[in-house]
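Notes follow once the structure below has been shown.
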């Protein structure tokens, strides 16, 4: 089970942002699906690499 904790202060993110735990988990899952973050077990979640959208060349 994923947790929504800040590794620095071990504070649950849903309490920091005033949202339900389920909302936090769903948001984190959506960010992972969109490849905006990645999660490493026992380390946390991190911002993913930014990629430029593919644009057709002229």
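The values are calculated or read from the model by the stated rules, or taken from the named source; none is laboratory data. It should be emphasised that the depicted structure is a prediction, and the values quoted were computed from it without experimental measurement. Cβ coordinates were reconstructed from backbone atoms using ideal geometry, including for glycine residues, and neighbour counts include every protein chain displayed.
Which of (1) at pLDDT below 65; (2) touching a strand residue (DSSP E or B) at 6+ places or on another chain (Cβ under 9 Å) does residue 9 not meet, given it meets every other one?
Result: residue 9 passes all but (2).
Taking the criterion of being outside any loop (DSSP other than H, G, I, E, B), touching a strand residue (DSSP E or B) at 6+ places or on another chain (Cβ under 8 Å) and at pLDDT 75 or above, would at least one residue in region 47-56 satisfy it?
Scanning region 47-56 turns up at least one residue that is outside any loop (DSSP other than H, G, I, E, B), touching a strand residue (DSSP E or B) at 6+ places or on another chain (Cβ under 8 Å) and at pLDDT 75 or above.
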